[in-house]
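The values are calculated or read from the model by the stated rules, or taken from the named source; none is laboratory data. Predicted, not measured: the structure shown is a model, and the values here were computed from it. Methodologically, a virtual Cβ is constructed for each residue, glycine included, from the backbone with ideal geometry; neighbour enumeration extends over all protein chains shown. Surface areas here come from the heavy atoms of the whole protein model, side chains and all, with no ligands, DNA or RNA. Shrake-Rupley method; radii C 1.70, N 1.55, O 1.52, S 1.80 Å.
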Amino acid sequence: QLVESGGGLVQTGGSLGLSCAASGRTFSSYAMGWFRQAPGKEREFVAAISGKGIITNYARSAKDRFTISRDNAKNTVYLQMNSLNPEDTAVYYCAAGATVATMTTLSISYWGQGTQVTVSA
């Protein structure tokens, strides 16, 4: 089970941090990632991190603004989002998958329920 937290309303240029707590004993064996879905749009990849946190991958829209990290001792993955703009408004989903590479193709084993991020102009 994946449970996201940290969403909310922020002004353009602001920052927001998301957390995703996972249950189970095999957290470190999964790559973890964040996806988002804006109204009327398809769900899209944002960022992913390998099981040991060594490999990361970002969507072009997130690169240089967002940072994904994980703490395997806490079974938690994070997404720090900086320089937010209205185009970042979406429901953000935490996900678990086999590898960073497969997660970028939306090959996902588990999804969280999502958390709303709204960026005001």
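Based on DSSP H segments of at least four residues, each scored -39500 (n - 2.57), the chain has a per-residue ellipticity at 222 nm of -500 deg cm²/dmol. Close amide-amide hydrogen proximity is noted between LEU84 and GLY13, GLY14, each under 5 Å apart and 5 or more residues distant or on a separate chain (H modeled in the peptide plane; Pro and chain starts excluded). With contacts taken as Cα pairs under 8 Å at a separation of at least 6 residues, the chain carries a relative contact order of 36 percent. Residue separation of SER61 and SER29 scaled by 0.36 nm, minus their Cα-Cα distance, works out to 8.8 nm of gained length. Among the GluC sites (Glu not before Pro) in segment 3-49, those located in a DSSP loop and surrounded by at most 13 other Cβ atoms within 10 Å of their own Cβ are GLU42.
Solvent exposure of the chain, expressed per residue, is 52 Å² of accessible area, with all protein chains present and a 1.4 angstrom probe. The Stokes-Einstein estimate for segment 5-55, based on a Kirkwood radius over Cα pairs and taken at 20 °C with 1.002 mPa s viscosity, is a diffusion coefficient of 162 µm²/s. Looking at segment 1-70, the trypsin sites (Lys or Arg not before Pro) that sit in a DSSP loop and have at most 13 other Cβ atoms within 10 Å of their own Cβ are ARG25, LYS41, LYS52, ARG60, LYS63.
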